[in-house]
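Just so you know, all these numbers are worked out from the coordinates, no wet-lab data involved. Here the structure is a predicted model, which means the values were calculated and not measured. Glycine also receives a Cβ, built like all others from the backbone with ideal geometry; neighbour counts cover every protein chain displayed.
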Amino acid sequence: MLFRILIPVLLLFESVGFISAQESDTSGVPGTTRGTIVSPQNGTHVEPNSWIDFVYNSMGEYSVTSYNISIWLWCSDPTLGLFTNHATGVSIGRFSLSSSSNTDPPLPPPPSKIYIPDFSHGVTGFPIGWGGGVNQSDAPLWLSVLEEYGGEGSSFGAKVAYTSNLLVYNSTLSISA
């Protein structure tokens with residue numbers, strides 16, 4: 001009985017703007033906001049040894065559970081080299097999303113800021129190990145997120161969403177206002 005009353009009331013509140021449903025289009029159609037990096041935006045200029053804001057809009061919603069995300073900063077196009085052992089980059093880490101905080105082992109929440117290493121100091125941006133760094137200017141960086149999620153039907157293993165924003169590393173280009 002309660003649901004017979006509650007559902008029409010919620011629909012009425014939504015229609016007059018008191019509440020709003022989150023966008024649920026996860027089909028990959030342009031304009032969808034699920035599974036996207038909100039910040040930094042495509043084309044953002046980043047400097048070595050700096051921190052940038054990070055905001056990710058997960059796949060999670062009413063009927064979809066977001067589990068974990070893995071964040072990568074690629075120095076080469078991951079779509080060309082990832083599966084041929086020719087991709088370069090560094091892992092930022094693996095994080096648990098708020099809709100599923102019971103991962104085993106427990107993971108931290110996603111960061112609100114991401115550190116941009118100085119890749120001239122070493123292959124990971126830090127002067128350790130045998131990998132030598134290279135100085136680059138106006139170089140493309142791909143900030144990528146792989147999200148594990150479930151819902152909208154059964155699957156063998158978690159579903160995986162991938163998104164990437166292209167950044168400009170160590171830019172020498174001036175932007176005039």
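What distance in nm separates the simple spin-label points at residue 152 and residue 91, each placed 7 Å from Cα in the Cβ direction?
2.7 nm
Points 7 angstrom from Cα along the Cβ direction at residue 63 and residue 171: gap in nanometres?
4.1 nm
Roughly speaking, what is the stretch gain from residue 42 to residue 159, that is 0.36 nm per residue apart minus the C-alpha to C-alpha distance, in nm to one decimal?
So the extension gain works out to 39.6 nm.
Taking R0 as 22 Å, what FRET efficiency do you get between residue 115 and residue 138 from their Cβ-Cβ distance, rounded to the nearest 0.05?
After rounding, the FRET efficiency stands at 0.65.
List every residue whose amide H lies under 5 Å from the amide H of residue 44, counting only residues 5 or more places away in sequence or on a different chain, with H placed 1.01 Å from N in the peptide plane.
Long-range HN contacts for residue 44: 168.
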